[in-house]
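Asks: Pasting a structure below so you can have a look.
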Amino acid sequence: MARGVQIGKVLKQTGLSVDTIRYHEKERLLREPTRSEGGYRLYGVRDVEHLLFVRKAQELGFTLAEIRELLLVQDERRGLHPLAGNHTESAWKRASENRRFAKARRPSSRGTSKV
């Protein structure tokens, strides 16, 4: 029997909608879920972690293509995707640059007031 949780529980854990989760599957940001005997999609802990990561990365201004690359790196570092090793260095470099850019774009609330 397949293990995992149905999409309703994932919605509560991530704050995402069914449409968003299915879109992430379609865009290969999330692996195709296993199915229960009744045909329901079943998601594991790694799937929930990926969805939370995608949501946070989007909040930081990463594109879906960049997020997909970072997920490959993340899986490679965990030993889950051995082919991702070729992209590791460039993906981390771009991620670092994007984080610095995102930080620079954020308005500082310290010491600034409009008169």
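The values are calculated or read from the model by the stated rules, or taken from the named source; none is laboratory data. Please read these numbers as outputs of a predicted model, since none were measured by experiment. Cβ coordinates were reconstructed from backbone atoms using ideal geometry, including for glycine residues, and neighbour counts include every protein chain displayed.
Asks: Looking at (1) surrounded by 14 or more Cβ atoms within 10 Å (Cβ to Cβ); (2) modelled with pLDDT of 90 or more; (3) closer than 26 Å to residue 97 by Cβ; (4) not hydroxyl-bearing (Ser, Thr, Tyr), which one does residue 81 not meet, given that it meets all the others?
Replies: (2)
Asks: Could you list all residues from the stretch 17-42 that are over 23 Å from residue 72 (Cβ atoms), loosely packed, with under 12 Cβ neighbours inside 10 Å and without any contact (Cβ under 8 Å) to a residue 12 or more places away in the chain?
Replies: Correct list: 17, 19, 38, 39.
Asks: When you scan the stretch 16-68, how many residues do you find that are closer than 23 Å to residue 97 by Cβ and charged (D, E, K, R)?
Replies: Number satisfying all stated conditions: 6.
Asks: Check residue 1 against each of (1) in a loop (DSSP other than H, G, I, E, B); (2) at pLDDT 90 or above and name the one condition it does not meet.
Replies: (2)
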